[in-house]
Amino acid sequence: LYCTTSQRYTLYSLLQQIAPPSAGHIVGQQQLTSYLQKALSDGPRNVVLFLQDKMSIEDFTMYGGAFGNKQDTAFPNLEGALMSSSSPLVLPAVSWPASNAVIGQLQDHLDTSPLYMDPETLSQLRLNASSPALLVFRLPADLMSAKEILSGNDEVIGQVMSTMKTQAVPYTAIYTALRPARVRRTGSRMNTLFLPSVSLQEGEDTCILLWAKGLSVSILRSGRWEDHDLTPSTFGEAVSPKLHGSSCDKTKAKWVGPCGAFRDHIDTHQRHYKVSARRWFTLDSVQLEYDSIKAKFNASRSVYAPAEFSYRCQSVSSFRWPQLVPHAVNDPANHAALYSIQGFNVTGGDFSYASDCAGFFSPGIWMGLMTSLLMVLVLTYGLHMIMQLRTMDRFDDPKGPAISVPQTE
């Protein structure tokens, strides 16, 4: 994080008050929020965010000329920006949920929506120091070798910095990633850790419970699909999403919450059905908002459960046997999750007995039944053929007199 501004000494003294993290310390979401608040409270309100898909501190060690070979560094423009900045701040290690939710935090601090841009279109934009702006530049991380990717991203940073100099507007620049490039596993228990559920509180009562092991979204932007993992920013450790606009009563429950740079709307409804003589709740719709675009999915035909139960499914998605059916054919978004949801009758903050989406006659069970039926038919046919065998009751006696038939007769 670094700033360029004419108020050099004021901002420098401001960031000097921020204690840098100690060696080996991982900055959590609350600490990162405090850093951003102090940097943006009195600093520039124009923020340039360079967002890479994945990155780790080892990338700077391996390709940043850390061992004396500065001429072989992959970050010349980034190093130059840090050297020329009035107040640079380097955070060597930031927790995965914190970095994944940085766009949402910047939106809250600046009270503005992000503008996804590229270096070519930046020159057409005119910034104003009095009005905040959040410019996001997505940097790829999985197209070529690691060094070529980092060098290419550094060139993009250099182009943006050159364009921003011509604007003559103070700004704050942030370079981070959505997830780490290298994940260290501490043992076999890593696969058994579960993220906490998200709930909506109405007074002292809990209305909605939502949990997902994996929550991902694919959006079509600039002619290509981009995958976004929203799990850490929604269900991560110490994440408390702001559920503004959410509501619930005895018949309807609405969950509205941020998921990183996205916003998710989940509508559930409870009805009484005379045929089954009980109340059922259905997930009517799921709406995803991003870049001022709304993608809506209908789920009332697939996601349902008794009102006193919760709903659970191995995979709820909008593709390959979709439970979430796109409202429009041209909706440029796909939604996928493994999750449990309960919209009514929540007691004690825990899910009730789960009504699973997998019925008794699943494809695997059907395959087993059909195979067993085929084997029974083959066995029945074989037994029938064996029972139809007949022994010969007349034989020629080889010891009897031979019969000669003269040819002349």
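The values are calculated or read from the model by the stated rules, or taken from the named source; none is laboratory data. These figures come from a predicted structure and were not determined experimentally. Neighbour counts run over all protein chains shown; Cβ positions are idealised from the backbone, glycine included.
Output the number of the condition that residue 126 fails; it satisfies all remaining conditions of (1) of a type in the set (Lys, Arg); (2) under 15 Å from residue 53 (Cα atoms); (3) part of a loop (DSSP other than H, G, I, E, B).
That leaves (2) as the condition not met.
Can you go through 131, 85, 123 and tell me which one is of a type outside the set (A, V, I, L, M), surrounded by 17 or more Cβ atoms within 10 Å (Cβ to Cβ) and touching a residue at least 24 places away in the same chain (Cβ under 8 Å)?
Matching residue, one of 131, 85, 123: 85.
Quick check on residue 250: is it out of contact with any Lys or Arg (no Cβ under 9 Å at 6 or more places or on another chain), assigned to a loop (DSSP other than H, G, I, E, B) and modelled with pLDDT of 70 or more?
yes
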